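Take a look at the structure set out below.
Every number here is computed from the coordinates shown, using simple stated rules; none is lab data. Because the structure is predicted, anything quoted here is derived from the model rather than measured. Virtual Cβ from ideal backbone geometry, glycine too; neighbours counted across all protein chains shown.
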Amino acid sequence: MTDQLYMINETAASESWRTLHIMAEFVEGFEVLGKYHPSVSIFGSTRARPGDEVYQKAEQIGRLLAENGFGVITGGGPGVMEGANKGATSAGGNSIGLNIEIPLEQKPNPYANVTLHFRYFFVRKVMFVKYAVAYIILPGGFGTMDELFESVTLIQTHKIRPFPVILVGSNYWKGMLDWMKEVVLKEGKISPSDLEILQLVDDPAEIIKIIKKIVVL
């Protein structure tokens, strides 16, 4: 019985310390990122490599955002994140990486000039959305789609203020958008207004115009 009570108390203590660690991550994130408004969060595949079309597009978008007075927030890792951070840094802008601790260690890319480290995905997700005036979603996998649909859900349910959610890459996203229109919408699982949250844009200059229409610098 004594051993069982000890195990219960030890577990409760560890959970309490975990709560404090979570709070510390929130506090650090709020204190640091509040200095870099307005910023745009950019998502996409970690598997893109320098020279790939999607990497180059991310770099171009990051550079244009910085040139137009926007900070760039990414997950801080390789691929699209690296490209966007590289573009922002090359233009002398605020280039922010929110790195995550995962079993397959994600090393911060060298182009983020502001780096935060997170243990908890959900804390990191709050930072992406809280300090963004827009989301830009380039081709990516499960993690990219997770961020995409979370932002759309938060806007759909009025939990956050509406902001542009821009999909970049017509060939990549067209199939998903067609399915949403032809299946999900037709079966009444979403409303026509829900689809209006998403914008499909390939031209980086047009992306900047869309964001600047709603953001006063």
The answer for N94, listing residues at least 5 apart or on another chain whose modeled amide H is closer than 5 Å to its amide H, is V72
Just need the relative contact order of region 2-214 here, percent rounded to a whole number, with Cα pairs under 8 Å and 6+ apart. 18
Could you tell me which of F122, I73, S39 has its Cα farthest along the dipole of the chain towards the positive end, charges placed at Cβ (Lys, Arg +1; Asp, Glu -1), taken about the Cα centre? S39
Can you compute log10 of I(q)/I(0) for the chain with the Debye formula, treating each Cα as one identical point scatterer, at q = 0.13, 0.17 Å⁻¹? -0.74, -1.16
What ranking of E67, E182 emerges when the number of other C-beta atoms within 10 Å of each C-beta is taken as an exposure proxy, fewest first? E182, E67
Burial ordering of M176, M127, M23, M81, fewest other beta-carbon atoms within 10 Å first: M23, M176, M127, M81
Would you mind checking which residues have amide H under 5 Å from L200's amide H? H placed 1.01 Å from N; only 5 or more apart, or other chain. L167
Counting only residues 5 or more apart in sequence or on a different chain, those whose built amide H sits under 5 Å from that of F118 are N99, I100, E101
Fewest to most neighbouring Cβ within 10 Å: what's the order for I197, I166? I197, I166
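Please compute one quarter of the surface area of the Cα convex hull for region 170-217 and express it in square nanometres. Please report the intermediate quantities before stating the final value.
Numbers: hull surface 16.4 nm².
The Cα convex hull of region 170-217, projected and averaged over all directions, gives 4.1 nm².
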Normalised Cα Rg of region 111-172, dividing by 2.2 N^0.38 Å with N its residue count, works out at 1.19
